[in-house]
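Colleague: There's a structure below that I have some questions on.
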Amino acid sequence: MFSEFLNKIICGKSEELLKKIPNNSIHLVITSPPYFGCRIYGNETLGRESHPLEYVQKMLSFTLDIKRILHSEGSFYLNIGDVYFGTKGFSRNKGNYSRKTDQHYQEHLIVKPDGKYLQYKQLLMLPERIAIGMQEQGYILRNKIIWEKPNPLPSHSPDRRYPVYEYIFHFVKSQKYFFDLEIAKKLNNHRDIYKINIESFKEHQASYPVSLIKPLILTTSKKNDIVLDPFSGSGTTAVASILTNRNFIGFEVNENYCKMANKRISETILSVQNQLLPNEF
Ligand SMILES: C[S@@+](CC[C@H](N)C(=O)[O-])C[C@H]1O[C@@H](n2cnc3c(N)ncnc32)[C@H](O)[C@@H]1O
C-alpha cells in the first residue's frame, strides 16, 4: 500500500505526498505546521503568505486532505500558535532559521491595515479561525488542550501580557473514536492543560518536546498503529512513536531537517535496542 513511507521521514511537500495515502488509513495525526509569518523554512512554504486569511485557507485545504486519510476511529492533534498583525519581530538566530526576519517582515508589509481586522497590534486569532473552519468541514472538536510553557520565548511588548501557552486542538472524524481512558488516568493525563518546557532539537528552533507528544499517542492509538506527522521538522513525533511502539510516517520539505530527523530516528532506535531509552506499553 504505502509501505515505502513507513517508519522514515520522506523529504517533500506534504500537500503532494498526502495524495499517495489511501482514504481512512491513518490512525493518528499529530503535527505542528509552520505558524503564520514566524519563521522562514524555505521558499514558498506554508506560513509565508502575505495575508493571514490566505494562510487560513491553505491550512483548511490541508485539514481537508487529512480528513480524507484519517481512519474513522482516528484522532488529529493540531498544535498551532497565533501572531499579531504587522508585528516587527526580532532575530534570535542568524540565517535561514531565524525567527521573524526583516525579510519576513517586508513580505508582510504588502498587506496594509484596513482599520478593522487588519490593525497593528491585533492578535489575529488564526488558531481559532482554523478550528472553526475545521468544524465546518465536519470535524468534531474534542479538546482545546493548553500547552503551558514555563520557559516561553522572550516577548518585548510594553503594553500587553506575556503569551505563555499554545493550543493543541484534538479533532476526531466520528463520534465513535478510540480513546484509552484507563491509560489516560494511569498517565495522569486526563486534564486539558499540559505544563511542559519548550525543548528545541539542535538547530530546529520550533520543535515540540517528546514528553508533550507521548501521552497523546498512548491515549488515542494502539500498539503498531500508524502515526503521521506531515510537518515533521526534527522528527519529534517519530521519536515519540518509536518510544511507544507505534509505526510512523513523516513528511518534511526542508532537506537539512529530513537528514537531521532520519539521523535522530536511527539513534533513537539504537538506544531503544540497547535499552538506553525505555519504550512503553
Ligand atoms: C513548526 S515546524 C515542526 C516542528 C516539529 N514538530 C518538531 O518537533 O521538530 C514545521 C515544519 O514544517 C516544515 N514545512 C513547511 N512547509 C512544509 C510543507 N509544505 N510540507 C512539508 N513540510 C513543510 C518546515 O520546514 C518545518 O520544519
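Each reported figure results from applying straightforward, stated rules to the coordinates on display, with no laboratory input. No experiment lies behind these values; they were computed from the predicted model shown. Cβ placement follows ideal geometry from the backbone for every residue including glycine, while neighbour counts extend to all protein chains displayed.
Colleague: Just list whichever of Lys8/Lys144; Lys67/Lys195; Lys144/Lys259; Lys223/Lys263; Lys20/Lys58; Lys144/Lys176 have alpha carbons separated by over 25 Å in the model shown.
Modeller: As for pairs spanning more than 25 Å Cα to Cα, those are Lys8/Lys144; Lys67/Lys195; Lys144/Lys259.
Colleague: At a 4.7 angstrom Cβ threshold, list every cysteine in the chain that has nobody to pair with, or say none.
Modeller: Cys38
Colleague: Quickly work out the Lys20-to-Ile193 label distance, labels modelled 7 Å from Cα along the C-beta direction, and quote it in nm with one decimal.
Modeller: Output for this residue pair reads 4.4 nm.
Colleague: Suppose every K and R has +1 on its Cβ and every D and E has -1 on its Cβ; what is the size of the dipole of the stretch 133-208 about the Cα centre, in Debye to the nearest 20? It would help to have the intermediate numbers written out before the result.
Modeller: Numbers: 12 positive and 9 negative charges, 47 e Å.
The dipole of the stretch 133-208 has a size of about 220 debye.
Colleague: Grab the Cα-Cα distance for Phe179 and Asp159, subtract it from 0.36 nm times how many residues apart they are, and report the gain in nm with one decimal.
Modeller: On the way: separation 20, 0.36 × 20 = 7.20 nm, distance 4.21 nm.
Length difference between fully extended and current span is 3.0 nm.
Colleague: For the chain, with the dipole built from +1 on Lys and Arg beta-carbon atoms and -1 on Asp and Glu ones, taken about the Cα centre, which of Tyr162, Val111, Tyr139 lies farthest toward the positive end?
Modeller: Tyr162
Colleague: Compute a Gaussian network model of the chain, connecting alpha carbons closer than 10 Å, and tell me which residue from Leu60, Leu124, Leu181 fluctuates the most.
Modeller: Leu181
Colleague: I've got another one for you. Specify the angular offset, from 0 to 90 degrees and rounded to the nearest 10, of the alpha carbon long axis of helix 255-273 from the longest principal axis of the alpha carbons in the chain.
Modeller: Result, in degrees: 30.
Colleague: Right, here's the next one. Could you check what % of the DSSP bridge pairs in the chain are antiparallel, to the nearest 5? Walk me through the numbers before you get to the answer.
Modeller: Working: 17 of 34 bridges.
Roughly 50 percent of the beta bridges in the chain run antiparallel, per DSSP.
Colleague: Write down the percent of antiparallel bridges among all DSSP beta bridges whose residues are both part of the stretch 133-217, to the nearest 5.
Modeller: 75
Colleague: Sticking with this structure for a sec: Can you tally the net charge around Tyr139? Count Lys and Arg as +1, Asp and Glu as -1, for every other residue whose Cβ sits under 10 Å from the Cβ of Tyr139.
Modeller: Working: positive: Lys67, Arg142, Lys173; negative: Glu136.
Computed value for this residue: +2.
Colleague: Okay, moving on. Where nothing but the Cβ of Lys and Arg (+1) and of Asp and Glu (-1) is charged, how large is the charge dipole of the stretch 3-273 around its Cα centre, in debye to the nearest 20? All intermediate terms of the calculation are to be shown ahead of the outcome.
Modeller: Numbers: 37 positive and 27 negative charges, 90 e Å.
Once rounded to the nearest 20, the dipole reads 440 debye.
Colleague: So what's the angle, to the nearest 10 degrees on a 0 to 90 scale, between helix 126-136 and the longest Cα principal axis of the chain?
Modeller: Roughly 60 degrees, rounded to the nearest 10.
Colleague: How many angstrom lie between the C-alpha centres of the stretch 209-281 and the stretch 112-130?
Modeller: What the calculation gives is 35 Å, centre to centre.
Colleague: Identify which of Met134, Met59, Met125 has the largest mean-square fluctuation in a Gaussian network model of the chain, with springs joining Cα atoms closer than 10 Å.
Modeller: With Cα springs under 10 Å in the chain, the top fluctuation among Met134, Met59, Met125 is at Met125.
Colleague: Quick one: grab Rg to one decimal and Dmax as a whole number for the chain, Cα atoms only, in Å.
Modeller: 18.4, 60
Colleague: Suppose the chain between Ile132 and Gln273 were pulled fully straight at 0.36 nm per residue; how much longer would it get relative to their current alpha carbon spacing? Don't skip to the end; give the middle numbers.
Modeller: On the way: separation 141, 0.36 × 141 = 50.76 nm, distance 4.32 nm.
In short, 46.4 nm is gained.
Colleague: Sticking with this structure for a sec: Most mobile of Leu270, Leu18, Leu46 per a Gaussian network model of the chain (Cα springs, under 10 Å)?
Modeller: Leu270
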